[in-house]
Amino acid sequence: RNCQGESFKLSYYNEYKSYLRMSNKKSINEWIETVNGKPTPLFGVVLTLTTFMWAAHSTAAYMSTFQGMNPVPGDWKCVSDKCSTLNISTLEQLCDQLFTEESITIKDIAFQPQRRTFSIHFTMFCMIDKEGQAKKTLISSMYFAGGLLSLMIGGFCFDNFGRRLCILVGGSLSTIVSFIGFFCKNYELLLFIRFMQGFGNVVAATAVYIWGSETVPSRFRSYFNGYMGIVWCLGYPIVAALGYLIKDWNFQYLAVAVTMLLATTPAFFMIESPRFYAIKKDVTNIKCCIQKLSQLNGVKIDVATVDLLDLE
């Protein structure tokens, strides 16, 4: 009986598969495989431009490494009689006189640094100054605190507002606050900027990853994960180049804003993931996305014949 039962199930399954082939009824994943099965160079260009968001994300995250650099000997000079007789040739000696001996104050020193950093601007360059070091560490921490909050609410946003809209909003938010950093002279405002940078960037970068995972053919998804790691690492030489060429921390924020703008722009033209519309059971937009993807890859398909298993 068991053998007969299994034979009946196999026969029924084969008949069902034959019926699906004849009726052109497929799941959304199968339709994506159909239209993206042989991606064209144009699809590769679209994917590359969209995923550049990850490089911009790492650029914004680690730019504070250069923005918070400490002064070096030659970046300061005495401007009062108090320190004219003191030997202050190293940063350690300067910090010792400022915070241990308290023989001078910051007003007795004039900074003429080769690089203008927020470490100098907000006097956070001495290791023995615990309060200053805590403030300096907090600047980096605020970025990841914003990212953590965005992950908590991101799942709701991705499924209710779409991957594309989340990329646009997150990227635009990060671009705007980074541009505000160009004018920043206030420590509390700097903390707000870093928090909102992290919030916007993580929302946008996560939405890009979801979109890519849902759009590339399934046989390429393992490679896609590695590719995204490479794109993230691409941000490191960008950070190094911007930090080396731009000497002012406010102008570095302006450079980050331009980078984020470039990374966000492709989202205005990207094709939304069909899976988002599947959540909404929006058959019309699902077919529209499938048609656009087919045109992108040069696959001829009649959307009138598209029948979806997922929505049954």
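The values are calculated or read from the model by the stated rules, or taken from the named source; none is laboratory data. The model shown is predicted, which means the values in this text are computed figures rather than measured ones. In this analysis, Cβ positions are derived from the backbone assuming ideal geometry, glycine residues included, and neighbour counts consider all displayed protein chains. These accessible areas exclude ligands, DNA and RNA; they are computed on the full protein's heavy atoms, side chains included. Shrake-Rupley method; radii C 1.70, N 1.55, O 1.52, S 1.80 Å.
Summary of computed values
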read-out	value
Leading residue by the ranking (farthest from Ala278 (Cα to Cα)) among those in the range 105-124 that are in a loop (DSSP other than H, G, I, E, B) and open to solvent by 30 Å² or more (accessible area, probe 1.4 Å)	Thr105
Filter result for Ile153 (assigned to a helix (DSSP H, G or I), among the hydrophobic types (A, V, I, L, M, F, W, C) and surrounded by fewer than 18 Cβ atoms within 10 Å (Cβ to Cβ))	yes
All helices (runs of 4 or more DSSP H) inside the range 1-68 with 3 or more residues being loosely packed, with under 12 Cβ neighbours inside 10 Å and modelled with pLDDT under 90	2-23
Checking Val202 against (1) farther than 19 Å from Cys157 by Cα; (2) of a type in the set (A, V, I, L, M, F, W, C); (3) modelled with pLDDT of 95 or more; (4) open to solvent by less than 30 Å² (accessible area, probe 1.4 Å), the condition it does not meet	(1)
Meets criteria (modelled with pLDDT of 95 or more, of a type outside the set (Lys, Arg) and surrounded by fewer than 19 Cβ atoms within 10 Å (Cβ to Cβ)) for Leu190	no
Residue within the range 161-180 that is in a helix (DSSP H, G or I), among the polar types (S, T, N, Q), open to solvent by 50 Å² or more (accessible area, probe 1.4 Å) and modelled with pLDDT of 90 or more present	no
Set Ile153, Ile180: member being aliphatic (A, V, I, L, M) and closer than 27 Å to Phe125 by Cβ	Ile180
Flag if Lys135 is touching a Phe, Trp or Tyr at 6+ places or on another chain (Cβ under 8 Å), part of a helix (DSSP H, G or I) and open to solvent by 70 Å² or more (accessible area, probe 1.4 Å)	yes
Helices (runs of 4 or more DSSP H) completely within the range 217-312 that count 2 or more residues being more than 20 Å from Gly200 (Cβ to Cβ), open to solvent by 70 Å² or more (accessible area, probe 1.4 Å) and not aromatic (Phe, Trp, Tyr)	221-245, 274-280, 283-296
From the options Tyr143, Tyr209, residue that is open to solvent by 30 Å² or more (accessible area, probe 1.4 Å), of a type in the set (Phe, Trp, Tyr), in contact with a helix residue (DSSP H, G or I) (Cβ under 9 Å, 6 or more places away or on another chain) and assigned to a helix (DSSP H, G or I)	Tyr209
Matching residues, the range 250-292, being among the aliphatic types (A, V, I, L, M) and at pLDDT below 90	Ala278, Ile279, Val283, Ile286, Ile290
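One line per residue, one yes/no per condition, for (1) open to solvent by 50 Å² or more (accessible area, probe 1.4 Å); (2) assigned to a helix (DSSP H, G or I); (3) farther than 30 Å from Phe183 by Cβ; (4) at pLDDT 90 or above:
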site: Thr85; (1), (2), (3), (4): yes, no, yes, no
site: Ile88; (1), (2), (3), (4): no, no, yes, no
site: Gln97; (1), (2), (3), (4): no, yes, yes, no
site: Glu102; (1), (2), (3), (4): yes, no, yes, no
site: Cys126; (1), (2), (3), (4): no, no, no, no
